[in-house]
1. I want to confirm something. Restricting to segment 1-54 and keeping residues that are of a type in the set (Ser, Thr, Tyr) and crowded, with 16+ Cβ neighbours inside 10 Å, which single residue is nearest to Tyr84 (Cα to Cα)?
2. Tell me, which strands (runs of 3 or more DSSP E) wholly within segment 79-141 include 1 or more residues that are β-branched (Val, Ile, Thr) and in contact with a Phe, Trp or Tyr (Cβ under 7 Å, 6 or more places away or on another chain)?
3. Of the residues in segment 2-23, how many are at positive phi and in contact with a Gly (Cβ under 8 Å, 6 or more places away or on another chain)?
4. Answer yes or no as to whether Ile88 is of a type in the set (Val, Ile, Thr), assigned by TED's automatic domain parsing to the domain that holds Lys26 and touching a Leu at 6+ places or on another chain (Cβ under 8 Å).
5. Answer yes or no: is there a residue in segment 64-75 that is over 34 Å from the mean Cα position of the chain (by Cα), in the same structural domain as Asp171 (by TED's automatic domain parsing) and crowded, with 20+ Cβ neighbours inside 10 Å.
6. Which one of these is modelled with pLDDT under 75 and over 18 Å from the mean Cα position of the chain (by Cα): Lys242, Lys224, Lys264, Lys198?
7. Go through segment 379-423 and report how many residues are assigned to a strand (DSSP E or B) and modelled with pLDDT under 90.
Amino acid sequence: MLQLSILIPVYNTEKYLKRCIKSILKQKFTDFEIILVDDGSTDSSGRICDGYNDVDSRIHVIHQKNMGLSAARITGLQKSRGKYVAFIDSDDWIEPNVYEKLINVLEKDKTISIVIGGHVIDEINGQVKFPLVKSAIKVYSGWEALEEMFLNRTFTWSLCDKVYRRKLLMDNNIFNEWPHSYGEDTYVNSYVFPNAKKICFLPLYGYHYCMHTESMTHNTFSEKQLVYLDIWENIIRNQGEKNRVIAQRVWNLMLDFGLHAIKKMYQRFEYFYQNIYRTQKILAYYYDIFSINDATTYIWYSRLVIHGKDYLVWEKQSALKIEYFILNQKKKGKRIFIYGAGKIAHELSKFLLIYNIKFDGFLISGVPYMQNIDGKKVDTFNSQKLSRIGILLGMNDDNNAKVIPILEKNNIEYINASKYIFL
């Protein structure tokens, strides 16, 4: 039986494709096939593939219309015949001893389903960078390897620096269930790893991920990358109860990625481009609200990211309404107070601070149990000159409903500011 199938999706990489193929043909290990899937290239990549097909019987070429990286990998996997499967991107290359050593691990221990060799990054300036912490050889259980993967410390979720038993991939039928053009590396590994008996990390660092002008687009944020939120949500739903450590690590990834995504998205909207730092501050204090024990919070967070523009428009409009009320009160010579001293009032204070909206302090009905909040004095409502104040209600609906009749009886103008605070 053929030992190894090497799958290479190809799309417009004419400058680098020959280097990639040559690096494989130089392997000390020779019992392999190369499946080049030309995914509708518009440069000479397809012709380069055909040229190699003519000179080496181990090379097979498939031409298809452009359907994206995931579809090209699926095509290659379906046509593969090897006992093991490896993936390479067509603008990367691999050192001569890599497959010999990785296959040797799999052949010696039949309980190992995946072997990871690690990778380095070839920078544009010619320097070679180790993106993660160098580590010693280690054998993990499937779940242990998944935990390590989400730490992004010893190895990443990339498919390309790993060799898989083909049966593991085919039995799980993972690729065929993934409809997106992004994220299949994370998706596939997050489902395959737990089904692996053992996973070995062998620190060869022989896979070279190559940075160049064209590949810089890999690091450019696209709204398509929001699919990672779907991936991580599925992982928490399907595997979080089985492994709380993984759930917590994936949760942290969602938070970090979400804030990054929102920042990148709104760099493209003129309305928000001057407010990126403020946007980060607004979202940063939501960290205090999130809890991994709350099954709905990560769903809410993904929706916040996906619908973030509409949310921020709503929030900006809310701030303008409060600011307009305060300006009118100031024109009448009135001082502005938040009514309340609890969590809602505290969040309202931070909200006003972010938007640089000034107010004078806090009022409560009884005796103050604290002297100040965020540097603003807390006082008793009855001690104020009732005709000279404007009120921002900062309590829950029930408590606001108790205070409103008193305010109206004394002709004190107010705005229910608490409804503009997203808790």
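The values are calculated or read from the model by the stated rules, or taken from the named source; none is laboratory data. None of the values given here were measured: they were computed from a predicted structure. Don't worry about glycine lacking a Cβ; one is built from the backbone with ideal geometry, like all the others, and counts go over all protein chains shown.
1. It comes out as Ser5.
2. 84-87, 112-116, 119-122
3. 0
4. Spelling it out, Ile88 is indeed of a type in the set (Val, Ile, Thr), assigned by TED's automatic domain parsing to the domain that holds Lys26 and touching a Leu at 6+ places or on another chain (Cβ under 8 Å).
5. no
6. On inspection, the qualifying residue turns out to be Lys242.
7. Residues flagged as assigned to a strand (DSSP E or B) and modelled with pLDDT under 90 within segment 379-423 amount to 2.
Rundown of residues vs (1) crowded, with 17+ Cβ neighbours inside 10 Å; (2) touching a Cys at 6+ places or on another chain (Cβ under 9 Å); (3) modelled with pLDDT under 85; (4) of a type outside the set (S, T, N, Q), yes/no style:
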position	(1), (2), (3), (4)
Ile103	yes, no, no, yes
Ile114	yes, yes, no, yes
Trp157	yes, no, no, yes
Asn173	no, no, yes, no
Asn176	no, no, yes, no
